[in-house]
Amino acid sequence: MPDSSRPLRKLGFLTIGLFNPADPAAGHESTLQVIELGERLGFDSAWLRHRHLQFGISSPIAIMAAASQRTSRIALGTAVTPVGWENPLRLAEDLATVDLLAGGRINPGLSVGEPMHYDTVKHELYPDTAELEDFSYARVDRLARLIAGEPVREFSGKQGVVEEFSNRVEPHSAGLRERLWYGAASSKSAIWAGAHGFNLLTSSVIFPEENQEPVFDRIQQAQIRAYREAAAASTQPHGSARVSQGLVVIPTDSASAKQREKYQLYVDERTPRTKAPQGPKRMLFAPDLIGTSEQIAEQLYAHAGFQEVDEVAFALPFSFDHEDYVQILTDIATTLGPALGWTPAAG
């Protein structure tokens, strides 16, 4: 087993929370049970993918609110919420409310850009302002300012007998601003996140620069280093420049023969897309890591991106069954995590 001079400090997992459209409640309950299991296994965090008009979690804030009442310690995050779908002021209110319910455990991960397939949904999402909406970094920066408690307006104070108004988003959750993350896949976004006081979420998808050789782990390493340089030079008072990596790992230590066959087929179907840049933006996908925990640990220690971080949120595969996630999470917590120097959280 290879040695690491920097043990893994925080171990989390990421789930898409799929459901059958004929019975959506069962899928949401499965997600909540997976989060509860994660806390019992000692995971530091559980993250939710955000999916609109799909058969996945469309309202991670609601799921985090429910999970906050069924857990007591594990951090709960989104990876990521596309802010192009959101009104920043209303989102700030919801995030602060759930953070207070959770006792300060919410870690919102955010991204900007035009909503996916915007032309098909803009008539319902923004019927009067579709051509005027700003989907730039300014949108997420506005959300961050509102969460930090900066004034929304000048008007405040008592009106009438019982009505009292605030000039900032209420409720205010102190500390939430420092737990905002930005999901960056390009050097430009990583540098922006560092300069503007966000923690950094990296994943299994990146966009290389034109002059970069398309080698996933080296590009991810360069992006993380660029982020840290920008954060160190920033005058922003928020955040602590944390970096979390989100590769797909599938340990098979306790998997049945049937599960191992199923997992390998999943990986084999996805591997071809990792061989070359995809599409006009030259998107690069990281290979899924499958095998025993010892084999996966060897691959991670050799991964230039992993070498830059001391916390991860390993992504669970799509479309597996509940018992598969139980097996994978159990192996990550009991075998892979310790192989990476991680210690489960107490309680």
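This table checks each residue for (1) surrounded by fewer than 13 Cβ atoms within 10 Å (Cβ to Cβ); (2) at pLDDT below 95; (3) within 19 Å of H52 (Cα to Cα).
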site: G103; (1), (2), (3): yes, no, no
site: L110; (1), (2), (3): no, no, yes
site: R145; (1), (2), (3): no, no, no
site: P151; (1), (2), (3): no, no, no
site: K158; (1), (2), (3): yes, yes, no
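Could you please give the count of residues in the stretch 113-142 that are open to solvent by less than 40 Å² (accessible area, probe 1.4 Å), in a loop (DSSP other than H, G, I, E, B) and without any contact (Cβ under 8 Å) to a residue 40 or more places away in the chain?
Residues flagged as open to solvent by less than 40 Å² (accessible area, probe 1.4 Å), in a loop (DSSP other than H, G, I, E, B) and without any contact (Cβ under 8 Å) to a residue 40 or more places away in the chain within the stretch 113-142 amount to 3.
Just checking, does the stretch 48-69 include any residue being within 24 Å of D310 (Cβ to Cβ), touching a Phe, Trp or Tyr at 6+ places or on another chain (Cβ under 7 Å) and either small (G, A, S) or modelled with pLDDT of 95 or more (or both)?
Scanning the stretch 48-69, I find no residue that is within 24 Å of D310 (Cβ to Cβ), touching a Phe, Trp or Tyr at 6+ places or on another chain (Cβ under 7 Å) and either small (G, A, S) or modelled with pLDDT of 95 or more (or both), so the answer is no.
Just give me the residues in the stretch 209-234 being modelled with pLDDT under 95 and open to solvent by less than 50 Å² (accessible area, probe 1.4 Å), in sequence order.
Within the stretch 209-234, Q212, S234 meet the criteria.
If you go through the stretch 181-206, how many residues are open to solvent by less than 20 Å² (accessible area, probe 1.4 Å) and over 27 Å from R273 (Cβ atoms)?
Residues meeting the conditions: 4.
What is the residue count in the stretch 31-56 for residues that are open to solvent by 30 Å² or more (accessible area, probe 1.4 Å), assigned to a helix (DSSP H, G or I) and either within 14 Å of F314 (Cβ to Cβ) or of a type in the set (G, A, S) (or both)?
Going through the stretch 31-56 one residue at a time, the tally reaches 1.
Name the pairs: first residue in the stretch 191-211 and closer than 18 Å to T78 by Cβ, second residue assigned to a helix (DSSP H, G or I) and among the polar types (S, T, N, Q), Cβ to Cβ under 8 Å, at least 6 apart or on different chains?
T202/Q220; T202/Q223
Hey, can you tell me all the residues within the stretch 154-192 that are closer than 29 Å to R228 by Cβ, part of a loop (DSSP other than H, G, I, E, B) and among the polar types (S, T, N, Q)?
Passing the criteria: S173, S186.
Can you name every residue in the stretch 292-312 that is touching an Asp or Glu at 6+ places or on another chain (Cβ under 9 Å), within 17 Å of A333 (Cβ to Cβ) and open to solvent by less than 30 Å² (accessible area, probe 1.4 Å)?
If the condition is that a residue be touching an Asp or Glu at 6+ places or on another chain (Cβ under 9 Å), within 17 Å of A333 (Cβ to Cβ) and open to solvent by less than 30 Å² (accessible area, probe 1.4 Å), then S293, E311 are the ones that fit.
How many residues are assigned to a strand (DSSP E or B), in contact (Cβ under 8 Å) with a residue 40 or more places away in the chain and open to solvent by 40 Å² or more (accessible area, probe 1.4 Å) if we restrict to the stretch 9-30?
From the stretch 9-30, those assigned to a strand (DSSP E or B) are 10-15, 20, 23; that's our starting set.
Narrowing further to those that are in contact (Cβ under 8 Å) with a residue 40 or more places away in the chain: 10-15.
From what is left, the residues that are open to solvent by 40 Å² or more (accessible area, probe 1.4 Å) are 10.
Qualifying residue count, the stretch 9-30: 1.
If you go through the stretch 84-95 one residue at a time, do you hit one that is under 21 Å from the mean Cα position of the chain (by Cα), within 17 Å of S68 (Cα to Cα) and surrounded by 21 or more Cβ atoms within 10 Å (Cβ to Cβ)?
yes
Of all the residues that make up the stretch 160-180, how many are touching a Leu at 6+ places or on another chain (Cβ under 8 Å) and surrounded by 19 or more Cβ atoms within 10 Å (Cβ to Cβ)?
4
Would you say V243 is crowded, with 20+ Cβ neighbours inside 10 Å, within 30 Å of T292 (Cα to Cα) and in contact with a Lys or Arg (Cβ under 9 Å, 6 or more places away or on another chain)? Before the answer, list the steps.
Details: crowded, with 20+ Cβ neighbours inside 10 Å: yes; within 30 Å of T292 (Cα to Cα): yes; in contact with a Lys or Arg (Cβ under 9 Å, 6 or more places away or on another chain): yes.
Spelling it out, V243 is indeed crowded, with 20+ Cβ neighbours inside 10 Å, within 30 Å of T292 (Cα to Cα) and in contact with a Lys or Arg (Cβ under 9 Å, 6 or more places away or on another chain).
The values are calculated or read from the model by the stated rules, or taken from the named source; none is laboratory data. Owing to the predicted nature of the structure, the values given are computational and were not obtained by experimental measurement. Positions of Cβ are backbone-derived with ideal geometry, glycine not excepted, and every protein chain shown enters the neighbour counts. Heads up: the accessible areas ignore ligands, DNA and RNA and are worked out on the full protein's heavy atoms, side chains in. Shrake-Rupley method; radii C 1.70, N 1.55, O 1.52, S 1.80 Å.
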